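Read the figures in this text as sums done on the coordinates, not as results from a lab. Quick caveat, the model's predicted, so the values are computed rather than measured. Every residue, glycine as well, gets a Cβ built from its backbone with ideal geometry; the counts of neighbours run over all protein chains shown.
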Amino acid sequence: MAWETPREDMSVYTQGEIDKWVYSTCGICSNGCGCYIAVKDNRIVGIKGNVYYPVNRGRLGPKGENQWWANNSLDRLTRPLIRNRSGTLVPASWDDALSLLVEKTKELLSAHGPESIAVYHSGQLYLEEYYTIAKITRAGLRTHHVDANTRLCTATAEWSLIQSFGADGPPACLDDLDLAEVIVFIGRNSNETNTVLWERVLDARRKRGTKIVEIDPRLDISQKMADLSLRPKSGTNVAVLNGLIHLLIANGWIDHGYIQRHTVGYEQLERTAARYTPELVEQITGVPERDLRTCAEWIGTSKTTVTVLLQGVYQSMDATAAASLVNSMHLIMGKIGKPGAGPFQHAGQPSSMSNREVGGAGFYPGYRNDENPKHLQEIADLWNVDVETLPVGPQTHVMEMLRMIEEGHIRMFWVIATNPAVSLPNRKRVIELFKRVFLVVQDPFFNETAEFADLVLPVALWGEKEGTMTNLERRVNVLRKAVDPPFGLPSDLELLIEFSRRMGFRDRSGRPLITYRTPEEAFNEWRLVSKGRPCDMSGMTYEKIERLGGIQWPCNEQYPEGKKRLYTDNVFPTAVDEAESYGRDLQTGRARTREEFAAIGANGRAILYGIDWSPPLEWPDREYPFWLNTGRNVFHWHTRTKTGRAPLLQLSAPEGYAEIHPDDAARLKIQMGDWVRVSSRRGEVIVRARLTDSVLPGMVFLPFHYGSVLEQEAANELTLDTWDQVSKQPHFKNGVCKLEKWLGKERDRDE
Amino acid sequence: MNEQRDNRKEMSGLLSDIHAANEEIQQQLRPYVQEHTYIYPLFQRLAALAEELGEHVSAILGGPLERNEAKYHLSVLFRTAEAMAETNEMLKAVGRFHPSVPLQAITYALA
């Protein structure tokens, strides 16, 4: 097994002895590394990896090691801000700020109903906070307009799992990476996005000779280190996967017995895949036939394979279709629910999983289906509210919220722990729309979105509050409070509870809707709500989680210490009354009815899909001849709200840039470091050129981290605001752009 | 009894409006679907949804149905209209032709 040798990564900046080390979890990516926070004089002064924690055995990534600097940043918000009549944000008391929030909410509820209010939050809060948001929005405000930035990173993972298996929950676990003969990464760039996981994979290769396959148009470092590298053209994942399935079937590398016993829909999959010969796949994707054959052979003839996906799939054309094909590929080989085998569809953010589990966005808590009257009644009983008061109907995803703002339906937009003015596609439109609503921003920092806010509510940060997070392998861990928040700031949970109290939200017996006061009490209520559902945490307590070093759900009477991997019994939650959703048609996105779902006849078996490749919605042309790709770099996380305040990280990557292939650069007379203008049908940015073979000729890559309102460097000025028809995740990876050398800034600087 | 008859009449009127608007969408989409089959999957998607919507409207208008059958067709109708509206939004985003007017007639009728 990997991580036999612990390594205590540490970053501390102080003089003298540390007062205490506080048990916690890294709050950056979805790996969820165990750590301890260093405290001196009630200040966070560092971090070290937890050598006993099974996920990382003491290791931390560069972002994780430096995250604590943000806690000490001098530009922390200290007081609420209210926009006054002359349009200026001015400091206000907490009482005034909360009174304004409550007054505005009540006014809108009374005049325009619950549909006039939307809450858009995060993948970086704690489980208890998401659960409270779910309860307040659904049972308090009675609005269905609640979504999170998890829509941008993990919605496709969630939906592909629902489509194939009936409910969310990654089947595989991190240990499987240690055991697999072959690991296939698709659209992942692990070396930059998830460095500890990547280190673990390299460790497994050293010890066991694991073969690594990378499928990604970008030739990043992980791709360069892989044993086999496939570089499909932008937006062609479905064709590549159909080609692999075609070869697996044609060569008999499948398990007919498993298919017959545990799946439905094989005929359709076989029929569709039959069309995707290696020749056709090469024509569509540019992946050489021999490489596709080698890849299929490695996958097909290995005893164990894990496939790990991320945004290269989830933010591309037909994302859910592609991710579901990965599930199908594993199912037809019977490589799921076994050590070293399974599709690893997972989240990008540290607590996206928690958000999904408790119904913070999309579904009802505990993976409950709001179209299923039985599930809805369960929630109504657990919350002691009338079932008729719970909102149902199509889930309002954030892109739909924008349309509803445009049409005047949504009038208040409450943003919690995220920065949509930088992270949403087609930013110019987003900013214009924010000017039309009563915008509330709840965040520790004055981020770019706050520039347009009517009300800013500062809150505590990681390390200053308590709660839990679920990582990418369903492992729930506790984050203990290390220090008191500065300036007496409340945690998000405290603020939400106070909002609920001031709004007077009550259950049907007249008791307050929210009765818990602390994170642990909130968690204990959630445990009851989760009981009997796939993400059952009824057997967990804070003390037990910390003692065992995190627990993977389900954790209940049957699995008191949790369960490593799902579907070991090959029974899937696809019975009509068990499923999280009745699913959607992968091609059109049309929601299935209960009758249609029942007619599939899965009833405990997994569902296979055959689906054809569709070209991306934008295609390079004369005017915009380059593919536009966006993503992360190793130094920053999201919109740099935290990492931009860590000196080492910020100095390493201080400004936006565009990666350009040297051949394209030569043609356009662009040299390394030149200013370039990258433009699309939505807008333009002016950034430095980086010449690198990590992008294919004809492609431009921009990191999406940058986007101050003053600098013209936000990748999302350019991105296409269309989305996957099933998961509603935006197509950040499939736009087109124009590239030219720009002399303006150079000239300005010379002068 | 009379009230029930009035409701049925109103429902039938609404469905006829939906049917007419949907026909218009299909008509408007035809040249785009044919010309841009390869490049613009959104047209194909919208056309497929319009065809599906047409089938279910016709089924309801076509004749007396059992309560469960009618409920089923109606629930598909709502879901199809929702997916059509989203596809239309995406066509707007990519700056392509989008049959907003007849589609709005459908969504208003279903609202």
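Tabulated data
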| read-out | value |
| --- | --- |
| Base-10 log of normalised Debye intensity for region A:409-544 (one unit scatterer per alpha-carbon) at q = 0.14, 0.16, 0.18, 0.22 Å⁻¹ | -0.86, -1.05, -1.17, -1.26 |
| Antiparallel bridges, percent of DSSP beta bridges restricted to region A:626-750 (to nearest 5) | 60 |
| Span from the region A:532-549 Cα centroid across to the region A:665-710 one, whole angstrom | 47 |
| Of the DSSP H helices in chain A, those whose Cα atoms cover at least 20 Å axially and whose Kyte score averages 0.5 or more | A:319-333 |
| Links that overshoot a 26 Å alpha carbon limit, given the list A:Lys106/B:Lys71; A:Lys428/B:Lys92; A:Lys303/A:Lys563; A:Lys428/A:Lys738; A:Lys728/B:Lys92; A:Lys63/A:Lys303 | A:Lys106/B:Lys71; A:Lys63/A:Lys303 |
| For residues of B:84-93, the mean tally of beta carbons on other chains within 10 Å | 6 |
| Rg/Rh for region A:551-659, where both radii come from Cα atoms and Rh is the Kirkwood radius | 1.16 |
| Sorted by Cβ neighbour density within 10 Å, fewest at the top, the residues A:Tyr53, A:Tyr314, A:Tyr624 | A:Tyr624, A:Tyr53, A:Tyr314 |
| Residue-averaged [θ]222 nm for chain A, counting only DSSP H segments that reach four residues, each worth -39500 (n - 2.57) | -9000 deg cm²/dmol |
| Ranking of B:Phe97, A:Phe452, A:Phe344, A:Phe523 by count of other Cβ atoms within 10 Å, fewest first | B:Phe97, A:Phe452, A:Phe523, A:Phe344 |
| Separation of alpha-carbon centers, region A:147-226 and region A:238-282, rounded to whole Å | 22 |
| Region B:33-111: GluC sites (Glu not before Pro) in DSSP coil with no more than 15 other Cβ atoms inside 10 Å | B:Glu66 |
| Per-pair calculated FRET efficiency, R0 = 60 Å: A:Glu546 and A:Arg622 via Cβ, rounded to 0.05 | 0.50 |
| On Cα atoms only, tilt of B:41-62 relative to the major axis of chain B in degrees | 10 |
| Shielding by partners - mean other protein chain Cβ count within 10 Å, residues of A:396-405 | 1 |
| Whole-number Å³ per residue for the convex hull built on Cα positions in region B:45-97 | 56 |
| Alpha carbon centroid spacing (whole Å) that separates region A:1-55 from region A:434-501 | 22 |
| Region A:81-188, relative contact order [Cα under 8 Å, separation at least 6], % | 16 |
| Taking region A:626-750 and dividing mean pair separation by its residue count, relative contact order in percent (alpha carbons under 8 Å, at least six apart) | 34 |
| Derived scalar couplings ³J(HN,Hα) [region A:357-372; Karplus, 6.51 cos²θ - 1.76 cosθ + 1.60; whole Hz; x for Gly, Pro] | 4, 9, x, x, 8, x, 7, 7, x, x, 6, 8, 8, 6, 8, 9 |
| Calculated P(r) tail over 43 Å for chain A, as whole % of Cα pairs | 21 |
| Relative contact order [Cα under 8 Å, 6+ residues apart], chain A, whole percent | 19 |
| For region A:467-509, projected area of the alpha-carbon convex hull averaged over all directions, nm² | 5.3 |
| Isolated Cys residues of the protein assembly as shown, judged by Cβ distance under 4.7 Å to other cysteines | A:Cys29, A:Cys35, A:Cys153, A:Cys173, A:Cys295, A:Cys535, A:Cys555, A:Cys737 |
| Nonlocal amide H pairs with A:Lys40, under 5 Å, H built at 1.01 Å | A:Asp19, A:Val45 |
| Enclosed volume per residue, in Å³, of the convex hull spanned by Cα atoms of region A:626-750 | 118 |
| Normalised convex hull volume, region A:10-72, alpha-carbon set, Å³ per residue | 74 |
| For A:Lys733, A:Lys435, A:Lys40, A:Lys207, order by how many other beta-carbon atoms lie within 10 Å, fewest first | A:Lys435, A:Lys207, A:Lys40, A:Lys733 |
| Translational D in µm²/s for region A:523-571 (Stokes-Einstein at 37 °C, 0.692 mPa s, Kirkwood Rh from C-alpha pairs) | 302 |
| 10 Å Cβ neighbours from other chains, averaged over peptide B:41-54 | 3 |
| Inverse of mean 1/r across different Cα pairs in region A:656-702, Kirkwood, Å | 10.5 |
